[in-house]
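Everything on this sheet refers to the single structure shown next.
The values are calculated or read from the model by the stated rules, or taken from the named source; none is laboratory data. Note that the structure is a prediction, hence the values are computed from the model and not measured. Note that we place each Cβ from the backbone using ideal geometry, even for glycine, and neighbour counts take in every protein chain shown.
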Amino acid sequence: MRWNELLLPSENGGSTILSYNLQWDNGNGVVNVNLVGYSTPYLHPYFTVISGVTAGALYNFKYRARNVYGWGDFSDEVTLKAARQPEQMLPVQTLIENNFVKISWDYPNDNSDTVNEYEVLIRESDLNTYKSEILYCDGRSQAIIQKRYCLIPMTVLRAAPYSLQFQNYLAVKIRAKNALGWGLYSDLNSL
């Protein structure tokens, strides 16, 4: 599993860069463990830490570059959380409750960083356009985030821009967001 990618410096000090040296704290709080580039030259502009990482933990990194004149100064330390954006969500469940449609969903795999927003998109009657109904299903609302469902009046779905008629399918897709970005949309689920 790929946890974090660090971009390394491109400034060369007037001479070709011969190696990048990346260090981290290995979870102990002191950034002094060489990951790459100190004893063997490393010239890739990124490095991915794939082992020795605990999901959800914070890690500190610093880096420097070497040219024919020697090693440059280390960068400031950068703190990264061993996490990624959420996984693709399962399709939503839709259910008619009185004069409302209840759209509900399961909590996604958040990849070690708490979900802080959902985007629920409803397909309009043209079968191509999707719109977020933020009045009744605002995925930024703490209540919606905690409950993981929303109720939309049928009158709203029958009016523009959805303009759904009796026996039209209600197609809905959803995605989740955490501090690292948006996950993929779910597959469609229709009522």
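Comparison of 135, 127, 151 shows that the only residue that is among the hydrophobic types (A, V, I, L, M, F, W, C), more than 25 Å from residue 81 (Cα to Cα), part of a strand (DSSP E or B) and out of contact with any Leu (no Cβ under 9 Å at 6 or more places or on another chain) is 151. Being of a type in the set (Gly, Ala, Ser) and surrounded by 11 or more Cβ atoms within 10 Å (Cβ to Cβ) is the filter; apply it to the stretch 159-174 and report the residue that is farthest from residue 188 (Cα to Cα). Within the stretch 159-174, the match that is farthest from residue 188 (Cα to Cα) is 159. Considering (1) outside any strand (DSSP E or B); (2) in contact with a Phe, Trp or Tyr (Cβ under 7 Å, 6 or more places away or on another chain); (3) under 14 Å from residue 88 (Cα atoms); (4) among the small types (Gly, Ala, Ser), the lone condition that residue 176 does not fulfil carries the number (1).
Of all residues in the stretch 162-176, those that are among the hydroxyl-bearing types (Ser, Thr, Tyr) have Cβ atoms under 6 Å from Cβ atoms of residues that are at pLDDT below 85 and not in a loop (DSSP other than H, G, I, E, B), 6 or more apart or on another chain, in 169/190.
This table checks each residue for (1) surrounded by 15 or more Cβ atoms within 10 Å (Cβ to Cβ); (2) aromatic (Phe, Trp, Tyr).
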residue: 53; (1), (2): yes, no
residue: 60; (1), (2): yes, no
residue: 69; (1), (2): no, yes
residue: 114; (1), (2): no, no
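Just one of the numbered conditions (1) part of a strand (DSSP E or B); (2) more than 30 Å from residue 112 (Cα to Cα); (3) at pLDDT below 90 is not true of residue 15: (1).
The set of residues in the stretch 18-44 being among the hydrophobic types (A, V, I, L, M, F, W, C), assigned to a loop (DSSP other than H, G, I, E, B) and within 13 Å of residue 74 (Cα to Cα) consists of 31 alone.
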